[in-house]
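In what follows, a single structure is set out as structure tokens and then discussed.
Any read-out appearing in this document is the output of simple, stated calculations on the displayed coordinates, not a laboratory observation. Source: prediction; values computed, not measured. Cβ atoms come from the backbone with ideal geometry, glycine included; neighbour counts cover every protein chain shown.
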Amino acid sequence: MDLSFSNEDDEFRLKVRHFFEHEYPREIIEKLRRGCSPSKEDYQKSESALANRGWLTVNWPSEYGGPGWTPNQKHIFDEELERAGALNVVPMGVIYVGPVIYTFGSEEQKERWLPGISNSTTFWAQGYSEPESGSDLASLQCSAKLEDDTYTVNGSKIWTSLGQMADWIFCLVRTDNSGRKQEGITFLCFDMMSPGIQVHPIITIDGKHALNRIDFTDVKVPVDGRIGEEGKGWTYANYLLGHERTSYAHVTGKRRQLEAIRKTATDMSSYGSDLLQEPGFVQSLAELECRLAALEITVLRTLASVADGGAPGEESSILKVIATELAQDITEFDMKVFGSYAAPRFPDSTLPDNFGNLSVPPGAAPAMATYLGTRAQSIYGGTNEIQKNIIAKRILGL
């Protein structure tokens with residue numbers, strides 16, 4: 001494929017860069033730079049700024065409000081967003097359920113839900129994993145029984161990202177146990193304010209609240225909250241997962257991390273460390289940079305193969321594996337740069353550069369939180385072990 005950028009692409013890049021430098025909320029960039037967790041208001045303010053330019057639903061078809069960008073333009077937009085240190089789009093609505101709704105939903109469902117997603121006035125959560133159904137998602141048991149055009153939902157979902165902020169949730173639920181487990185799953189969307197829903201926070205090892213367990217007790221869901229046919233949820237879920245697994249690459253974000261590591265290694269000389277003079281350190285950094293270049297080429301190949309609004313194929317599992325493993329290796333390498341200074345970490349509200357009389361290099365505390373949080377990347381969205389099985393069976397035919 002042709003990996004060069006045209007003059008039109010270069011002009012587009014300048015336009016996007018100008019937006020992030022002069023129109024995007026600077027206070028959000030500064031908050032993220034300090035390592036603080038964004039609030040729901042931060043997400044909505046960020047996404048409203050993008051939506052006002054028509055730049056929130058960049059992967060949607062033009063008929064549903066997408067900007068009609070080429071794969072190169074989408075890639076450039078992602079690059080410039082991460083180069084600026086801006087907030088990534090919350091994927092649950094725009095990247096995950098939105099494409100399912102406009103592909104498989106009814107006209108009434110499209111009219112009801114797509115506008116709120118495309119202008120960031122409605123937040124969505126994803127109800128997939130359960131306490132006993134993670135990697136083997138098809139074994140889920142959260143049930144939904146249909147009676148008089150209303151489903152009654154009982155069960156639990158877990159690891160629900162930003163569920164505490166959600167207005168709506170899309171769930172895979174079991175509506176039939178009689179056949180193959182994949183055949184009895186249905187895709188439901190319902191209001192998070194429905195009676196019988198309880199959200200329980202899960203505080204992760206990095207000290208943040210991004211995950212939740214959600215319990216459903218006799219939750220009533222009208223039948224018009226069902227996407228497509230009953231029992232076809234597994235088909236819709238696999239379509240969604242193709243979009244999900246291509247959203248992990250964050251090439252420019254990783255490039256910024258590596259640039260920061262180089263700067264930190266230079267700055268650490270004042271703390272008695274001279275890492276850039278160590279051949280092993282320079283070689284390891286170069287290896288990470290080479291792997292990042294390979295990831296970028298893979299992303300471009302995947303984007304070029306996707307038609308306007310279409311879904312990636314099984315090759316998205318390759319992206320998921322190499323992107324998450326690289327993310328973990330970069331953050332682990334960052335810990336080696338900071339050494340013992342990376343040990344202290346602090347809650348969002350206090351991320352100081354010193355602790356008592358101990359001088360701590362800038363960035364050490366948020367780097368530790370990032371390292372700890374990144375451990376989960378090879379688990380969520382389908383574990384990397386499962387992705388390797390998909391690659392072996394469906395791509396290599398083994």
(request) Would you mind checking the tilt of helix 364-374 against the longest principal axis of the Cα atoms of the chain, expressed as 0 to 90 degrees and rounded to 10? (result) 30 degrees
(request) For Lys232, list the lysines whose Cα falls under 28 Å from its own Cα; do not include residues on the same chain fewer than 8 positions away. (result) Lys110, Lys145, Lys157, Lys181, Lys220, Lys320, Lys388, Lys393
(message) Given a 10 angstrom Cα cut-off, can you work out which residue in Phe12, Phe170, Phe123 is the most mobile in a GNM of the chain?
(response) Phe12
(request) Determine ³J(HN,Hα), in whole Hz, for all residues of segment 145-162 in sequence, where each value follows from phi through the Karplus function 6.51 cos²θ - 1.76 cosθ + 1.60 and θ = phi - 60°; x replaces Gly and Pro. (result) 10, 8, 8, 6, 6, 9, 8, 10, 9, 9, x, 9, 10, 9, 6, 7, 5, 6
(request) Determine the sum of side-chain charges near Ile202: Lys and Arg each +1, Asp and Glu each -1, restricted to other residues whose C-beta is under 11 angstrom from that of Ile202. (result) +2
(request) Rounded to the nearest 10 degrees, what's the angle between the helix 316-338 long axis and the longest principal axis of the chain, both from Cα atoms, 0 to 90? (result) 40 degrees
(message) Report the gain in length on full extension from Glu11 to Ala293: 0.36 nm times residue separation, minus Cα-Cα distance, nm rounded to one decimal.
(response) 99.2 nm
(message) Between Ile202 and Ser135, what's the calculated FRET efficiency when r is the beta-carbon distance and R0 is 22 Å? Round to 0.05.
(response) 0.75
(request) Kindly provide the helix-only [θ] at 222 nm of the chain, computed as the sum of -39,500 (n - 2.57) over DSSP H runs of four or more divided by all residues, to the nearest 500 deg cm²/dmol? (result) -13500 deg cm²/dmol
(message) Within 10 Å, Cβ to Cβ, of Phe123, how many net charges do the neighbouring residues add up to if Lys/Arg are +1 and Asp/Glu are -1?
(response) -1
(request) On a 0 to 90° scale, report how tilted helix 107-118 is relative to the longest principal axis of the chain, with both axes built from alpha carbons and the result rounded to the nearest 10. (result) 20 degrees
(message) Calculate the FRET efficiency for Val223 and Ala392 from the Cβ-Cβ distance with a Förster distance of 35 Å, rounded to the nearest 0.05.
(response) 0.35
(request) Find how much the distance from Arg53 to Ser106 grows on full extension, using 0.36 nm per residue of separation minus their present alpha carbon separation; answer in nm with one decimal. (result) 16.4 nm
(request) Decide, for segment 124-233, between rounded, prolate and oblate: order the square roots of the alpha carbon gyration tensor eigenvalues as a ≥ b ≥ c, take rounded if a/c falls under 1.5, and otherwise choose prolate if a/b is larger than b/c, else oblate. (result) oblate
(message) Just to verify a number: FRET efficiency for Asn177 and Arg256, C-beta to C-beta distance, R0 = 41 Å, to 0.05?
(response) 0.25
(message) Which of rounded, prolate or oblate describes segment 74-114 when judged by the alpha-carbon gyration tensor and an a/c cut-off of 1.5?
(response) prolate
(request) Label segment 7-89 by shape, choosing from rounded, prolate and oblate, from the square roots a ≥ b ≥ c of the eigenvalues of the Cα gyration tensor; if a/c is under 1.5 it is rounded, and otherwise prolate applies when a/b is larger than b/c, oblate when it is not. (result) oblate
